[in-house]
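A.B. asks: One structure, as structure tokens, below. Some questions next.
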Amino acid sequence: MAAEDGLTSPEEELARRLRDAQRRVRDLPLTGEERERVARRLLAICDAAKRDIPHATTRLEGFIAFLDGEFDTPSSGEFT
């Protein structure tokens, strides 16, 4: 019924967004090592979703911002 009236549960919304993020990762022009790093990050978010939907949603928002080029946590070589 939720799909019929356009309403979704937080779990369904998170699942949809995770699928979209996976498609985006798959289509990125990355080297093997870069693809592995990004895929592991997404996998960690999927794992978190099994236990804590709000936490996984927050992590996914940051990951999508990273994919959009809007935000990223600096690596150890980027700290000033």
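So that you can scan it fast, the table gives a plain yes or no per residue for (1) surrounded by 12 or more Cβ atoms within 10 Å (Cβ to Cβ); (2) at pLDDT 90 or above:
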{"position": "35", "(1), (2)": "yes, yes"}
{"position": "38", "(1), (2)": "yes, yes"}
{"position": "47", "(1), (2)": "no, yes"}
{"position": "50", "(1), (2)": "no, yes"}
{"position": "56", "(1), (2)": "yes, yes"}
{"position": "70", "(1), (2)": "no, no"}
{"position": "78", "(1), (2)": "no, no"}
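A.B. asks: Cβ-Cβ under 8 Å, sequence separation 6+ or interchain: first residue in the range 47-60 and within 14 Å of residue 9 (Cβ to Cβ), partner open to solvent by 70 Å² or more (accessible area, probe 1.4 Å) and not β-branched (Val, Ile, Thr). Which pairs?
C.D. replies: Pairs found: 53/10; 53/11; 54/10; 57/10.
A.B. asks: Continuing with the same structure: Which residues, taken from the range 36-55, are outside any loop (DSSP other than H, G, I, E, B) and over 18 Å from residue 23 (Cα atoms)?
C.D. replies: 48, 53, 54, 55
The values are calculated or read from the model by the stated rules, or taken from the named source; none is laboratory data. This structure is a prediction, so every number in the text was calculated from the model and none was measured. Here Cβ is always computed from backbone atoms with ideal geometry, including for glycine, and neighbour counts include all displayed protein chains. Just the protein is used for accessible areas: all its heavy atoms, side chains included, with ligands, DNA and RNA removed. Shrake-Rupley method; radii C 1.70, N 1.55, O 1.52, S 1.80 Å.
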